[in-house]
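Shown next, in C-alpha cells, is the structure this report addresses.
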Amino acid sequence: MTFVKLLLRNLFYHWRGNFAVLLGITLGSAVLTGALLVGDSLRGSLKALTLDQLGWVDEAMLPGRFFRAQLAKDLSLHSDTRCAGILMLQGSATRKIDDDKTTRAGRVTVLGIDASFWPEDRVPEDAAFWASGESEAVLNQTLATALGAKVGDSIALNLQKADNVPRETILGNRKAEEVTEAIRVKVRAILRDDGMARFSLKPTPEPVRNAFVPIKLLQKKLDLAGRANVILAAKNQTSGEQYIEFLRDPSKQRLDLHRHLTLDDWGLRWRSPKDRAEGLMRFLDPQNFDDGQLKRLRWSVRVPDEDAAVAEKKGEKFVVELKKGKKVFWRSRVPDALAEAANKNNGILTRDAVIAYYQANRNYYLLESRRMILEPAIVKAVESLEASRNDNYAEVSIYLADSIATAKAAMPYSIVAAVDVKRGPPVGPGITLGDDDIALVDWPGSALRAKTGGTVTVTYLTPNEKNHLMPQDVAFTVKDIVPLAGRLDDPDLTPEFPGITDQADMANWKNPPFPYDKTRIKKSDEDYWNRYRTTPKAYISMAKARSLWGSRFGDITSIVVAGANAQTLPAELLKALKPSDGGFVFQPVRAQAIKASSGATDFGELFLYFSFFLIVSALLLVGLLVRLNIDRRSGEVGLLLATGWSHARVRWLLLGEGALLAIVGGLAGLGGALLYGKLMLQLLASNWPGGDSLNFLRLHAEPISFAIGYGASLVVTLATLYWATRGLAKLSPRSLLTGQIEASGMADA
C-alpha cells in the first residue's frame, strides 16, 4: 500500500476524530478571516457613507469669509465644471409644542441653497421654490426626528449672525441676542437620510442634522444679499478632470482666481473722492439722493435770533445766515465751504458741488475692510506694491476711546487716530509723535481746554481673557493742539459702522457693542458730532496704538492713497494678493474623505486583536483534538514503527492527514467568516452608544481578505499540528503498542 493511499484510508477510517479536528480548523479559519472581513466592512461602510454624504461634490472652497455668490458662476464659466455657491451655517433648531414645552436640537447645519445644490435628477420640491425667498425649510429625517417635527410644523432656526467685525475687538458683538438670529420657517418636506439629505463636508458616522432653505431667505434675514461662504465643485466627463487638477495646482489656481476675485470677495472697499462725496449726499437725504441736489431745509435747523447771537459770540456757529429774521445752523458733516456754496445757490446743495469739494480738498483714495480691520496680508501686499510706486500713502489706525480727560473735563466716546505716513502727507497732523505724546484737535466749543505740555488720560476698553471689555487708562503728554481745519477736518478716516456712524445724533446710537451711557453726552459732544461726525479728536503714534489695541486680526483700519496713479492700485493689489492668503483654496474633500474613512488604525488588524482570544482558543482546540486523536491511534502508530517505519515517516503521515484537513477546513471556514463578520457588525450596531448611529454598517468582503485569512489560517493550523505531533520522536514502539504514552516523550511534549 502506498503512502498516499494509506493516508487517505486513514482519513476515512478515523473519520470521527478527523471530523472533530476539521471543525476546530474551520472555526479558527472563520474567526481569523471574519476579523479581516469586519475591518473591510468598517472601511467599506465608512467609505460608502462618506461618498453618499458628499453626493456629486469633489472639491470645496471654504475661505472662512463671505464672498459674492456670483463667484461660483464665474468659476463655472471657466469650463463646464459644475460649481454651486451656498451658505453653510451652524446653529440649532427649536419647535414649540405648547406654551410650556419646547423641543430643541443642537449641532444643526443650515444650508442656504438653490436647485444647483441637488443632483440634477433628484431635486426635492421644485426649482422655483429654491429660487424663491420663502420662509420654508426641508429637513432630513434625523433632524425631523430630533425635533418631533412633521410637514407643516413651524420651527425656529437659531443661527449665528453674520458679523464682519471680530468679536474679540471693541466693536464686536458679545450679547447673545445680538450674536444669534432666530429664523422661523415652516417645514415644507422631510427627506430620508440618504444622498445629499445628509450632506456633510466632515466625514462622520454620526447622523447629521440638516435643514435646507432657499439661499435668498438666509441672505435676506442675515443681511447677506448676494453672498455665499462655500463653493462646491465637481468634475465631469470632458474637461472636469483636468479642471480639478487645475484647482489643486496652487500656481495654476492662483492665476484662475485672480481672474475672478474682486475686492468685494476679499471684503475690501476702495472709496474714491467721488464715492465718498456721494456717500455724504446719501447720508444727508437718502430719499432724494437720486435727484442730485438737496434743499437746505431737509438738513438744517432753525433757532431764535437771540440763541444764534449767543452761539455766535461763543464761536459755536459754523455758518449763520440771516433769513426772515431767523438764524440757520448748517449741520451733519457739512464743511463750511460747502455750506457757503449752498447759501449762494439759493439754499440748494448739489451733488456736483460736493464731488468738486472732495476732489479739491479730500482728493485721496481709501482702502477699507468690511471687517473694520485690514488683514495683515493685505497691508503687507500694499506696502510691497507701494515700494515701487510713487503714491503718497499712509496707514491709519482708528480706535473709539471711552473718554479723553484732563483733571477738569472729559470727552466721552472720542475717536483717537494713529497715522503712519509712509510717503507724503495725505492725512494726519503732520507732526512726529513719541510713544507718550498726543496731539489734540481744537474746535469751537471744545470742553477739554488742555494745554501743550499738560497731561491727558485716555480711557479705552479692551477685551480680557474672557472677552469681556475692561477699562484701561493711559496717560499722554500733550505735544501739540492743532486747529480742526484742512486735512484734519475729515470724518472719512473712520470706517463706517452701522448703528453708529450712520446716526445723526450721538444719543441715537443703536445697540453699540460696548458699554454706552448716553447721559454722559453733553451739548458740546453733540455739536461736535453734528458738524464733524467721526473726525478724530486726537492723534497718537502708530507704535503706541499697536501696543494698546493691536490684535491678532491686525491693527490698520484703512490705508490712504493719493497721487496721479492711485486709482490703479486695486488692480495691482488683486494681482499681488495670493488667494491662499484669503482662504480661497479648493480642498479635495472627496479624496480627503476617502482617506479619512480608512481610519488611522487598520480596522482588520484592530479586530484581529479583538478576536485574538477566540483565534488562540480555536488553535488550542485543534492542537488538543490532534493530541487526542494520536492518543486513540497509539497502537496503530506503534505497529507502523514496529514494522520498520521511521518516526519521521509516521509523523509525515499524521501531518499529511492534518494538512488535508487544514485545506478543507480552511475553505469551509471562509463561509463561516461571512457569518462571523455579519454577526459582529450587528453586534456593534446594536450595542454602540448613541442608538442607531452605526446602522450604516454593511458587510463588505474583499478577495484579498479571503486570501490572507485562508493563507494565515492554513499556516497557523499546520504550525499547530507540528507542535502537537513533535513528541513522536521520543516514543518507543513498545510503549505505543502497550498504550503507555505518558512517558517522558509525550509528557514533555
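The values are calculated or read from the model by the stated rules, or taken from the named source; none is laboratory data. What you see is a predicted model, and the numbers here were worked out from it, not measured in a lab. For neighbour counting, all protein chains shown are included, and Cβ atoms are generated from backbone atoms with ideal geometry for every residue, glycine included. Accessible surface areas use protein heavy atoms only, side chains included; no ligands, DNA or RNA. Shrake-Rupley method; radii C 1.70, N 1.55, O 1.52, S 1.80 Å.
Key figures for this structure:
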| read-out | value |
| --- | --- |
| For T350, residues with placed amide H under 5 Å, excluding near neighbours | L294 |
| Tensor-based shape of region 517-573 (alpha-carbon gyration tensor, a/c under 1.5 rounded, otherwise prolate or oblate) | oblate |
| Trypsin sites (Lys or Arg not before Pro) lying in DSSP loop within region 30-84, provided at most 11 other Cβ fall within 10 Å | none |
| Label zone at R546, where the point sits 7 Å out along the Cα-to-Cβ direction: region 419-446 residues whose backbone N lies under 12 Å | 420 |
| Accessible carbon and sulfur surface of region 58-147 relative to its total accessible area, %, 1.4 Å | 48 |
| Global geometry of region 336-474, whether rounded, prolate or oblate, following the gyration tensor of its Cα atoms and the 1.5 cut on a/c | oblate |
| Estimated FRET transfer efficiency (S132, T180; beta-carbon r; R0 30 Å; 0.05) | 0.75 |
| Solvent exposure, largest accessible area first (probe 1.4 Å, DNA, RNA and ligands not counted), of Y722, Y393 | Y722, Y393 |
| Greater than 19 Å apart at Cα, pairs in K380/K575; K186/K216; K451/K518; K220/K578; K422/K537; K544/K578 | K451/K518; K220/K578; K422/K537; K544/K578 |
| Percent RCO, i.e. relative contact order, over region 428-552, from Cα pairs under 8 Å lying at least 6 residues apart | 33 |
| Fraction of accessible area attributable to carbon and sulfur, region 622-665 (%, probe 1.4 Å) | 70 |
| Sorted peptide list for 637-643, 50-56, criterion being average Cβ within 10 angstrom, highest first | 50-56, 637-643 |
| Three-way shape call for region 41-92 based on the alpha-carbon gyration tensor, with the a/c threshold at 1.5 | oblate |
